[in-house]
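Below is one structure, written out as structure tokens, with a few remarks after it.
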Amino acid sequence: MSKVLIVEDEEAIAEIEKDYLKLSGFEVTVKSDGESGLESAMGEDYDICILDVMLPGVDGFEICRQVREKKNIPIIMVSAKKEDIDKIRGLGVGADDYMTKPFSPSELVARVKAHLARYERLVSSSKENNDVIEIRGIKIDKTARRVFVNGEEKVFTTKEFDLLTFLAEHPNHVYTKDELFKEIWDMDSIGDIATVTVHIKKIREKIEFDTSKPQYIETIWGVGYRFKV
Ligand code: CA
């Protein structure tokens, strides 16, 4: 049974969400303030989080950002304010989806199911086939060290290949430049975290349709990068 965490301070809304999700067979936990929501999301194993933006204590943006640094689980954000939707996009907090209140509870259930199904497919496919990673239009053949973008082969340097593969193998996980540098380059190699930025730029030029609006490697401002699925 999939476990859902709802962080919502409006009791009536939380109750409706909980009832509908329970009827669909989910195990549901509700937290009604930011602090306990954050603690629960970080400390316990949920399969998906539904976060309200405006919360007493820590807000939904901050919870999302912190969870995304550690976990790949789907996150759906909800807000009564349309402006928040732009903020969710613009800040790159790492949410997978967002809904504007009021929304129909059955729409929420449908989205929860869709995100969980996608996430499960992703997790199981990465377990089954260790040598080829396929995410949307990108195919990485780890054994042959070849990369195909929409069927067309692109040439990658060793470090570009290693960096792309590392990010693609840990989808939705946000890494700092520091972490990526330590992971991909030897500790005593010449260079610094600016090297990471340069390599990300080069990778984007090869895989992104529009490098100003990256669809694969997303910049999480003030934190680092993640490979978005
Ligand atoms: Ca609220």
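Side notes on the structure shown:
- Screening the range 188-229 for residues that are closer than 18 Å to Gly94 by Cα and among the basic types (Lys, Arg) and picking the one that is modelled with the highest pLDDT gives Arg226.
- Failed item in (1) within 19 Å of Met1 (Cβ to Cβ); (2) in contact with a helix residue (DSSP H, G or I) (Cβ under 6 Å, 6 or more places away or on another chain), with Lys22 passing the rest: (2)
- Test: residue in the range 197-208 that is buried (at least 17 other Cβ atoms within 10 Å of the Cβ) and either aromatic (Phe, Trp, Tyr) or under 27 Å from Ile63 (Cβ atoms) (or both): yes
- Residues that are surrounded by 12 or more Cβ atoms within 10 Å (Cβ to Cβ) and hydrophobic (A, V, I, L, M, F, W, C), drawn from the range 1-25: Val4, Leu5, Ile6, Val7, Ile13, Ala14, Ile16, Leu21
- Verdict on Phe148 being part of a helix (DSSP H, G or I) and surrounded by 12 or more Cβ atoms within 10 Å (Cβ to Cβ): no
- Scan of the range 1-27 for residues that are over 19 Å from Met99 (Cα atoms) and under 23 Å from the mean Cα position of the chain (by Cα), ordered by number: Met1, Ser2, Lys3, Phe26, Glu27
- Residue within the range 169-187 that is part of a strand (DSSP E or B), surrounded by fewer than 16 Cβ atoms within 10 Å (Cβ to Cβ) and without any contact (Cβ under 8 Å) to a residue 40 or more places away in the chain present: no
- Strands (runs of 3 or more DSSP E) completely within the range 23-138 that count 3 or more residues being without any contact (Cβ under 8 Å) to a residue 60 or more places away in the chain and away from the ligand (no atom under 16 Å from the Cβ): 27-31, 132-135
- Residue among Val132, Val109, Val53, Val67 that alone is surrounded by 12 or more Cβ atoms within 10 Å (Cβ to Cβ) and touching a Phe, Trp or Tyr at 6+ places or on another chain (Cβ under 6 Å): Val109
- Boolean, Gly43 is at pLDDT below 95, in the same structural domain as Val67 (by TED's automatic domain parsing) and under 19 Å from Gly57 (Cα atoms): yes
- Across the range 44-94, the number of residues qualifying as among the aliphatic types (A, V, I, L, M) and in contact with a Pro (Cβ under 9 Å, 6 or more places away or on another chain) comes to 2.
- Complete set of residues in the range 1-12 that are in contact with a strand residue (DSSP E or B) (Cβ under 8 Å, 6 or more places away or on another chain) and within 16 Å of the ligand (Cβ to nearest atom): Leu5, Ile6, Val7, Glu8, Asp9, Glu10
The values are calculated or read from the model by the stated rules, or taken from the named source; none is laboratory data. Quantities reported herein were computed from a predicted structural model and do not represent experimental measurements. Here the Cβ is made from the backbone with ideal geometry for all residues, glycine too, and neighbour counts use every protein chain on show.
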